[in-house]
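Visitor: Please see the structure below; I have some questions.
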Amino acid sequence: MEFDAGYLAEWANLLLRWLHIITGIAWIGASFYFIALDNSLDPPADGNRLVRGEQWSIHGGGVYYKRKYINAPEALPEKLHWFKWEAYWTWMSGFALFVLIYWGQASTYLIDPAVLDLPVWLAILLSALMLVGGWVGYDLLCRSRFGENETKLLAAGAAMLVVATLIATHLFSGRGAFLLIGAMTGTIMVANVAMVIIPGQRKMVAAMRAGETPDPKYGAWGKQRSVHNTYLTLPVLFLMISPHYPLIYQHHLNWLLLILLALAGALVRQFFVLRHSGRRNWALPAGGALAVALIFVIAAPRPDPRFAGVEAPPFQDVQALVASHCAQCHAARPTFEGIAVAPKGVMLETPQQIRRWAAAMRQQVQSEAMPPGNLTDMTTEQRAQIIAWIAAGARVE
Ligand code: HEC
């Protein structure tokens, strides 16, 4: 029995995505939990001066008692639970998925000739540079004098995000740019764990085991990076689901929409972070809602003059267009190299199928999300014809 490459890639995609979501949930779950715990600690009831705070809680049918030490406990027990593999596996599975989809099928997903007609090798190189450059830039920023002042650091970090977003959206397809900024930010988050938090904790533990007081700077650095991670979480999660929403990534102002969404996510997260310590600042989610409302208005489809005033062609013409521009991929047996099964189950061969998917086709053709990277060279006139036919009721007889 022989399995073709497209079929194997589909399976790799499925298993990696499943793993990525599971490990991501485990990581972010633990991370949210500890931020919430940290911000809701009460002063220790026994007045222990080494303890910053403690919490009693109940979960899953059991009562828990946790304490956080200011720097070091009186003695460190033999067994200490570490949290790191959730983060590492999230990155490894995510990076593998990125390579499989955005590098393995760069001309479909990463490159859009309407943005910039990059050769595949250059697109891969540039996206790799951005993945590494994002971490290097951010880490240098944190270690520079900006790092001592959270407000300045926030401003510099936001400026960095804006610049990276502008670069990515002018180099890559909308979808590729969004995913790349998400992957870049996710890489920063995991590198915070692997390069700062865990090494710092190792030094702390080594000092404690040697009976010394650990240098408090390691704890402070770890805390700073872990707080950054919490604000980056919601924006990254949006970017990871953004491939479902061409109305946003395919918009001509997609860079602005990305920045507004990142802002909305960070503001909402800040609201919850404050709420854990009993403060409620409603201006934060209100600001987030305002940003989303702005996106809602900006992204609203407007009648496109290029598609206006076109008469609906007979169905035969539409079917011929779909056969030559879509059905290579959207068929029971796709003929397009690397596509093993009809993407998203969308088959566009029979009149019934074309009719069934008409609304989705309109969205994809209008936003120019399909054909991906305009791989089958669809002209504006051809798009206009399909749209006019759908607008006139998508009649197949
Ligand atoms: C080169 C292969 C290819 C061609 C040609 C192509 N598509 Fe697609 N299409 C895809 C892929 C891949 C996806 C899945 C994208 C994803 O993973 O989100 C897709 C998804 C879709 C979807 C589902 C979108 C969703 O997320 O629900 C529709 C509808 C669609 N295509 C319509 C079209 C139409 C109409 C054409 C022709 C104008 C076309 N496609 C041409 C590869 C192709």
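Visitor: Remind me, relative contact order of segment 212-307 in percent, using alpha carbon pairs under 8 angstrom and six or more residues apart?
Guide: Numbers: 62 pairs, mean separation 24.7, N = 96.
Across segment 212-307, relative contact order equals 26 percent.
Visitor: Give me the extension gain from Arg395 to Arg355: residue separation times 0.36 nm, minus the current Cα-Cα distance, reported in nm with one decimal.
Guide: Values: separation 40, 0.36 × 40 = 14.40 nm, distance 0.75 nm.
Between Arg395 and Arg355, full extension yields an extra 13.7 nm.
Visitor: Tell me whether segment 218-282 comes out rounded, prolate or oblate; compute the Cα gyration tensor, take square roots of the eigenvalues as a ≥ b ≥ c, and use a/c under 1.5 as the rounded threshold. Intermediate results must be reported in sequence, preceding the final value.
Guide: Working: a/c = 3.04, a/b = 1.86, b/c = 1.63.
In terms of gyration-tensor shape, prolate.
Visitor: Hey, can you list the DSSP H helices of the chain whose Cα span along the axis is 20 Å or longer and whose average Kyte-Doolittle score is at least -0.5?
Guide: Numbers: long enough: 5-39 (49 Å, 0.91); 120-143 (35 Å, 1.61); 150-171 (31 Å, 1.43); 174-191 (25 Å, 1.41); 216-241 (38 Å, 0.09); 254-276 (33 Å, 1.47); 283-299 (24 Å, 2.35).
Both cut-offs are met by 5-39, 120-143, 150-171, 174-191, 216-241, 254-276, 283-299.
Visitor: Under 27 Å from the Cα of Lys68, which lysines turn up, not counting those fewer than eight places away in the same chain?
Guide: Lys79, Lys84, Lys203, Lys217, Lys223
Visitor: Normalise the Debye intensity by I(0) for segment 305-391, one equal point scatterer per Cα, no solvent, then take log10 at q = 0.11, 0.13, 0.18, 0.25 Å⁻¹ and round to two decimals.
Guide: With no solvent term, the Cα-only Debye profile gives -0.26, -0.37, -0.72, -1.40.
Visitor: Now a separate question. Please calculate the 1.4 Å probe accessible area of Leu161, with all protein chains present, and give it to the nearest 10 Å².
Guide: 50 Å²
Visitor: Which of Asn254, Val268, Ala342 sits closest to the plus end of the dipole of segment 201-349, meaning its Cα is farthest towards the positive end, when Lys and Arg get +1 and Asp and Glu get -1 on the C-beta?
Guide: Ranked along the dipole, the leading option is Val268.
Visitor: For the chain, what is the relative contact order in percent, using Cα pairs closer than 8 Å and at least 6 residues apart in sequence?
Guide: Answer for the chain is 15 percent.
Visitor: Percent of accessible area on segment 305-391 owned by carbon and sulfur, 1.4 Å probe?
Guide: Details: 2470 of 4640 Å².
Roughly 53 percent, rounded to a whole number.
Visitor: For Leu375, what accessible area in Å² do you get when you roll a 1.4 Å probe over the heavy atoms of the protein chains, rounding to the nearest 10?
Guide: Looks like 60 Å² after rounding.
Visitor: Sort Asp377, Asp139 by accessible area with a 1.4 Å probe, largest first.
Guide: Values: Asp377 115, Asp139 25 Å².
My answer, sorted largest first, is Asp377, Asp139.
Visitor: If you don't mind, there's one more thing I want to ask. Please list, by residue number, everything in segment 121-138 whose backbone N is under 16 Å from a paramagnetic label point 7 Å out along Cα→Cβ of Asp215.
Guide: Hits in segment 121-138 for Asp215 at 16 Å: none.
Visitor: Let me ask another. At 7 Å along Cα-to-Cβ for each site, give me the label-to-label distance between Ala320 and Tyr7 in nm.
Guide: Result for the modelled spin labels: 3.6 nm.
Visitor: Okay, next question. Find how much the distance from Leu154 to Asp304 grows on full extension, using 0.36 nm per residue of separation minus their present alpha carbon separation; answer in nm with one decimal. Kindly include the intermediate steps, with their values, before the conclusion.
Guide: Working: separation 150, 0.36 × 150 = 54.00 nm, distance 3.84 nm.
Answer, rounded to one decimal: 50.2 nm.
Visitor: Pull out the extension gain between Leu140 and Leu116, defined as 0.36 nm times the separation in residues minus the alpha carbon to alpha carbon distance; nm, one decimal.
Guide: Working: separation 24, 0.36 × 24 = 8.64 nm, distance 3.00 nm.
Between Leu140 and Leu116, full extension yields 5.6 nm more.
Visitor: If each of Tyr88 and Phe296 carries a label point 7 Å out from its Cα toward its Cβ, how far apart are those two points in nm?
Guide: Label-label distance for Tyr88 and Phe296, simple model: 4.4 nm.
Visitor: Continuing with this model, one more query. Size of the dipole of segment 305-391 about the Cα centre, Lys and Arg at +1 and Asp and Glu at -1 on the beta carbon, nothing else charged, in debye to 20?
Guide: Numbers: 7 positive and 7 negative charges, 65 e Å.
Dipole about the Cα centre, nearest 20: 320 debye.
Visitor: Is segment 280-351 rounded, prolate or oblate when judged by the Cα gyration tensor, a ≥ b ≥ c being the square roots of its eigenvalues, rounded requiring a/c under 1.5 and prolate requiring a/b larger than b/c?
Guide: Values: a/c = 4.63, a/b = 1.81, b/c = 2.56.
The shape class here is oblate.
Visitor: Suppose all protein chains stay in the model; what accessible area per residue would a 1.4 Å probe give for the chain, in Å²?
Guide: 55 Å²
Visitor: Where Rh denotes the Kirkwood radius from the mean inverse Cα pair distance, what is Rg over Rh for the chain?
Guide: Values: Rg = 25.2 Å, Rh = 24.0 Å.
Ratio of gyration radius to Kirkwood radius for the chain: 1.05.
Visitor: Then there's this: For Arg306, what charge total do you get from the other residues with a beta carbon under 11 Å from its beta carbon, if Lys and Arg give +1 and Asp and Glu give -1? Walk me through the numbers on the way to the answer.
Guide: Details: positive: Arg383; negative: Asp304, Glu368, Glu381.
Once all neighbours under 11 Å are counted, the net charge is -2.
Visitor: Taking +1 at the Cβ of each Lys and Arg and -1 at the Cβ of each Asp and Glu, which of Leu140, Pro73, Leu129 sits farthest along the dipole of segment 68-143 towards its positive end, judged by Cα position relative to the Cα centre?
Guide: Result: Pro73, furthest along the dipole toward the positive end.
Visitor: Which FRET efficiency value, to the nearest 0.05, is calculated for Arg17 and Ala75 with the Förster distance at 45 angstrom and r the Cβ-Cβ distance?
Guide: Numbers: r = 44 Å, r/R0 = 0.98.
After rounding to 0.05, the efficiency reads 0.55.
The values are calculated or read from the model by the stated rules, or taken from the named source; none is laboratory data. Treat the numbers as computed from the prediction; the structure is a model and nothing was measured. Cβ atoms come from the backbone with ideal geometry, glycine included; neighbour counts cover every protein chain shown. Just the protein is used for accessible areas: all its heavy atoms, side chains included, with ligands, DNA and RNA removed. Shrake-Rupley method; radii C 1.70, N 1.55, O 1.52, S 1.80 Å.
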